[in-house]
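Enquirer: Handing you a structure now.
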Amino acid sequence: MRINQITLSPDELPRAWYNILADLPESLPPPKNPESGPDRFETLQKTMLKTALEQEFIKERWVKIPDEILDLYIQAGRPRPLYRALRLERALKLPENKIRLYYKREDLSPTGSHKVNTALAQVYYAAKEGFEAVVTETGAGQWGSALSYAASLMGLKAIIFWVKFAHDWKPDRRTLMKLYGAEVYPSPSDKTEVGRKILKENPNHPGNLGIAVSEGLEYALTHEEAVYCLGSVLNHVLLHQTIIGLEALEQFRKIDDYPDIMISCLGGGSNFGGFVLPFIGEKLRRKAEKDTKFIAVQSEASASLVRGEYKYDFADHAEMTPLLKMYTLGHRVEMPTIYAEGLRYHAAAPIISYLRNKGIVDAVAYPVDEKHVFERAKLFVQAEGFIPAPESAYGIAYAIDRALEAKEKGEELVIAFNVSGHGFLDLFAYRKILFGEK
Ligand SMILES: Cc1ncc(COP(=O)(O)O)c(C=O)c1O
């Protein structure tokens with residue numbers, strides 16, 4: 001018997017998140033106010049969780065996970081397995097044991113993605129700080145579903161501003177959010193000033209994440225009972241997501257193996273960061289077994305790390321956030337629509353941007369037609385048997401392409417990738433791209 005599943009028991013669940021700020025050779029460039037306009041830090045203090053803002057600048061390497069959140073993680077199915085992709089290796093005819101592929105399964109979360117890891121933490125803190133409602137933006141709908149789920153478990157209300165064209169594509173994911181009791185609005189919406197202004201200029205605006213963030217912030221500013229939660233980009237979100245990489249580190253230790261390359265898709269950076277930061281931390285502390293490479297996979301529609309500029313920019317369309325130092329395409333850029341909507345954000349998280357600038361993280365991007373990515377996902381489905389989210393398919397595509405390149409060159413290589421979500425509610429995208437059906 002060849003065991004292809006590496007598991008951890010609930011009592012092996014990591015007890016602390018990993019904070020990479022403690023191991024960087026210098027401080028991350030701090031957020032700052034633009035030269036004119038209102039104090040953006042005041043806006044954040046009025047709209048966001050106190051705990052989240054504290055965690056943005058925390059100095060300790062390890063941040064204890066409260067017992068209640070550990071219980072919620074276990075309820076949500078953590079720890080999650082790491083798989084050796086033996087069937088995919090065979091399908092690709094890789095030389096046996098010379099090129100080894102592993103993947104982590106965040107698709108096994110109750111709502112279908114890694115976003116649950118930070119949703120549970122943020123809603124727990126929201127309840128503790130006395131809020132009655134959480135409000136947010138969502139692109140692919142995975143973050144909105146995760147926050148609705150967490151709010152439902154803790155008896156809070158969720159208000160979701162969902163990028164309009166993705167909202168219109170995915171009625172079943174909308175049903176899921178509503179089933180959890182959430183209020184869901186297509187963004188731009190008529191619920192906020194920002195939305196109304198954009199709709200006046202273009203009633204058919206397809207929306208984007210930057211606009212939806214502005215709507216969520218405005219809603220929180222005008223509703224005292226509600227607090228704004230963000231699903232990516234900021235340090236505290238990446239911190240919560242490190243549970244993925246910390247489990248993976250333990251799992252690799254159990255089988256006495258270690259990745260040469262770690263690969264995952266990147267929109268704002270929370271999935272990629274959560275998976276790789278604990279391994280990058282080992283490298284920075286000179287504890288890593290190998291000189292591992294870390295590769296973020298993007299769409300050319302929004303390839304911030306590939307062709308963006310490293311500079312201060314706003315995180316939202318309406319310029320309500322402070323300026324963050326990021327690789328950015330510009331906060332007002334128009335990006336073509338793609339099925340992997342979760343990757344369509346104008347910038348990459350400050351932590352990931354910093355690591356990219358230092359040459360520790362690398363990035364690639366696939367064309368906007370998404371054909372190659374979905375073909376690779378099909379190969380994965382047929383070999384490993386489950387359906388990845390369109391976003392996750394980008395990481396899978398690059399892992400397969402890199403494995404085939406290694407075979408061609410006769411390299412020995414251990415590749416690890418993260419399947420950030422499942423694609424059961426995205427089958428229409430597979431249907432359209434692979435089978436040409438309406
Ligand atoms: C399944 C999945 N993976 C990845 C992403 C990309 O976001 P991030 O880079 O914050 O992980 C998303 C975003 O919605 C997603 O739904």
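The values are calculated or read from the model by the stated rules, or taken from the named source; none is laboratory data. Quantities reported herein were computed from a predicted structural model and do not represent experimental measurements. Note that we place each Cβ from the backbone using ideal geometry, even for glycine, and neighbour counts take in every protein chain shown.
Enquirer: Only one residue in Y258, Y310 is over 21 Å from the mean Cα position of the chain (by Cα) and either surrounded by 22 or more Cβ atoms within 10 Å (Cβ to Cβ) or of a type in the set (S, T, Y) (or both), so which one is that? So that I can check it myself, show each step before the final result.
Expert: Values: Y310 fails: over 21 Å from the mean Cα position of the chain (by Cα).
Criteria check complete, one pass: Y258.
Enquirer: Moving to a separate point now. Go through A248, A296 for me and flag whichever is more than 14 Å from the ligand (Cβ to nearest atom), assigned by TED's automatic domain parsing to the domain that holds R376 and buried (at least 24 other Cβ atoms within 10 Å of the Cβ).
Expert: Values: A296 fails: more than 14 Å from the ligand (Cβ to nearest atom).
Matching residue, one of A248, A296: A248.
Enquirer: With (1) among the hydrophobic types (A, V, I, L, M, F, W, C); (2) under 27 Å from F165 (Cα atoms); (3) within 16 Å of the ligand (Cβ to nearest atom) as the list, and L355 as the residue in question, which single condition is left unmet?
Expert: Evaluating L355 over (1) among the hydrophobic types (A, V, I, L, M, F, W, C); (2) under 27 Å from F165 (Cα atoms); (3) within 16 Å of the ligand (Cβ to nearest atom) leaves (2) as the failure.
Enquirer: Could I ask something else about it? Please verify whether L82 is within 20 Å of the chain's Cα centre (by Cα) and under 25 Å from E224 (Cβ atoms), treating the condition exactly as stated. Break it down into steps so the answer makes sense when it comes.
Expert: Values: within 20 Å of the chain's Cα centre (by Cα): yes; under 25 Å from E224 (Cβ atoms): no.
Judged against the criteria, L82 is not a match.
Enquirer: Go through region 373-384 and give me each residue that's more than 15 Å from I263 (Cβ to Cβ) and touching a residue at least 24 places away in the same chain (Cβ under 8 Å).
Expert: First, pick out the residues of region 373-384 that are more than 15 Å from I263 (Cβ to Cβ): 374-375, 378-379, 381-384.
Across region 373-384, the qualifying residues are F374, E375, K378, L379, Q382, A383, E384.
Enquirer: Does Y398 qualify as being within 21 Å of W143 (Cβ to Cβ) and crowded, with 20+ Cβ neighbours inside 10 Å?
Expert: Working: within 21 Å of W143 (Cβ to Cβ): no; crowded, with 20+ Cβ neighbours inside 10 Å: yes.
Criteria not met by Y398.
Enquirer: Among the residues of region 384-438 satisfying the criterion of being among the hydroxyl-bearing types (S, T, Y) and within 13 Å of the ligand (Cβ to nearest atom), which is nearest to the chain's Cα centre (by Cα)? Walk me through it before giving the result.
Expert: Taking region 384-438 as the starting set, the residues that turn out to be among the hydroxyl-bearing types (S, T, Y) are 392, 394, 398, 420, 430.
Subsequent filtering for residues that are within 13 Å of the ligand (Cβ to nearest atom) retains 392, 394, 420.
Working: S392: 10, Y394: 13, S420: 7 Å.
Filtering region 384-438 for residues that are among the hydroxyl-bearing types (S, T, Y) and within 13 Å of the ligand (Cβ to nearest atom), the one nearest to the chain's Cα centre (by Cα) comes out as S420.
Enquirer: While we're here: In this structure, is Y345 buried (at least 20 other Cβ atoms within 10 Å of the Cβ), of a type outside the set (A, V, I, L, M), under 21 Å from A429 (Cβ atoms) and modelled with pLDDT under 95? Break it down stepwise before answering.
Expert: Values: buried (at least 20 other Cβ atoms within 10 Å of the Cβ): yes; of a type outside the set (A, V, I, L, M): yes; under 21 Å from A429 (Cβ atoms): yes; modelled with pLDDT under 95: yes.
Here the answer is yes, as Y345 does meet what is asked.
Enquirer: Kindly indicate whether any position in region 213-226 is at pLDDT below 95, within 16 Å of the ligand (Cβ to nearest atom), buried (at least 19 other Cβ atoms within 10 Å of the Cβ) and in the same structural domain as K59 (by TED's automatic domain parsing).
Expert: Within region 213-226, one or more residues are at pLDDT below 95, within 16 Å of the ligand (Cβ to nearest atom), buried (at least 19 other Cβ atoms within 10 Å of the Cβ) and in the same structural domain as K59 (by TED's automatic domain parsing).
Enquirer: Residue check: is A365 more than 26 Å from L246 (Cβ to Cβ) and either assigned by TED's automatic domain parsing to the domain that holds W143 or within 17 Å of the chain's Cα centre (by Cα) (or both)? Spell out the reasoning first.
Expert: On the way: more than 26 Å from L246 (Cβ to Cβ): yes; either assigned by TED's automatic domain parsing to the domain that holds W143 or within 17 Å of the chain's Cα centre (by Cα) (or both): yes.
Yes.
Enquirer: Here's another thing I want to ask about it. Report whether or not S232 is under 17 Å from the mean Cα position of the chain (by Cα) and part of a loop (DSSP other than H, G, I, E, B). Break it down into steps so the answer makes sense when it comes.
Expert: Details: under 17 Å from the mean Cα position of the chain (by Cα): yes; part of a loop (DSSP other than H, G, I, E, B): yes.
So S232 fits the description; yes.
Enquirer: Please go through region 91-126 and pick out each residue that is out of contact with any Cys (no Cβ under 8 Å at 6 or more places or on another chain), closer than 29 Å to L49 by Cα and among the aliphatic types (A, V, I, L, M).
Expert: Answer for region 91-126, where residues must be out of contact with any Cys (no Cβ under 8 Å at 6 or more places or on another chain), closer than 29 Å to L49 by Cα and among the aliphatic types (A, V, I, L, M): L108, V116, L120, A121.
Enquirer: While we're here: List pairs: first in region 249-265 and within 20 Å of H114 (Cα to Cα), second in a loop (DSSP other than H, G, I, E, B) and β-branched (V, I, T), Cβ under 8 Å, 6+ apart or cross-chain?
Expert: What qualifies is Q251/T7; M262/T292.
Enquirer: Something else now. Can you tell me which residue among L234, L221 is over 21 Å from Q5 (Cα atoms) and touching a Ser or Thr at 6+ places or on another chain (Cβ under 6 Å)?
Expert: On the way: L234 fails: touching a Ser or Thr at 6+ places or on another chain (Cβ under 6 Å).
Testing whether each residue is over 21 Å from Q5 (Cα atoms) and touching a Ser or Thr at 6+ places or on another chain (Cβ under 6 Å) leaves just L221.
Enquirer: Do any strands (runs of 3 or more DSSP E) entirely within region 51-155 hold 1 or more residues that are within 16 Å of the ligand (Cβ to nearest atom) and assigned by TED's automatic domain parsing to the domain that holds L176, and if so, which? Step through it out loud before you land on a result.
Expert: Working: elements: 62-64, 82-84, 99-105, 133-138.
In region 51-155, the matching strands (runs of 3 or more DSSP E) lie at 133-138.
Enquirer: Restricting attention to region 291-335, which residues are closer than 25 Å to F417 by Cβ and at pLDDT below 95?
Expert: M335
Enquirer: A follow-up question, please. Out of (1) closer than 30 Å to P322 by Cα; (2) more than 24 Å from the chain's Cα centre (by Cα), what's the single condition that is false for P95?
Expert: (1)
Enquirer: Name every residue in region 110-149 that is buried (at least 24 other Cβ atoms within 10 Å of the Cβ) and either of a type in the set (D, E, K, R) or without any contact (Cβ under 8 Å) to a residue 40 or more places away in the chain (or both), in order of residue number. Full working, then the answer.
Expert: Step one: of region 110-149, the residues buried (at least 24 other Cβ atoms within 10 Å of the Cβ) are 111-123, 126, 134-149.
Hits for region 110-149 are K115, E137, S145, S148, Y149.
Enquirer: If you don't mind, another one. Quick check, is E218 charged (D, E, K, R), more than 22 Å from V116 (Cα to Cα) and assigned to a helix (DSSP H, G or I)? Let's see the steps before the verdict.
Expert: On the way: charged (D, E, K, R): yes; more than 22 Å from V116 (Cα to Cα): yes; assigned to a helix (DSSP H, G or I): yes.
It is true that E218 is charged (D, E, K, R), more than 22 Å from V116 (Cα to Cα) and assigned to a helix (DSSP H, G or I).
Enquirer: While we're looking at this one, here's another question. Looking only at region 375-388, decide whether some residue is under 24 Å from V233 (Cα atoms) and crowded, with 18+ Cβ neighbours inside 10 Å. Break it down stepwise before answering.
Expert: Of the residues in region 375-388, the ones under 24 Å from V233 (Cα atoms) are 388.
The next check asks that each one be crowded, with 18+ Cβ neighbours inside 10 Å; those that pass are 388.
Checked region 375-388: at least one residue is under 24 Å from V233 (Cα atoms) and crowded, with 18+ Cβ neighbours inside 10 Å.
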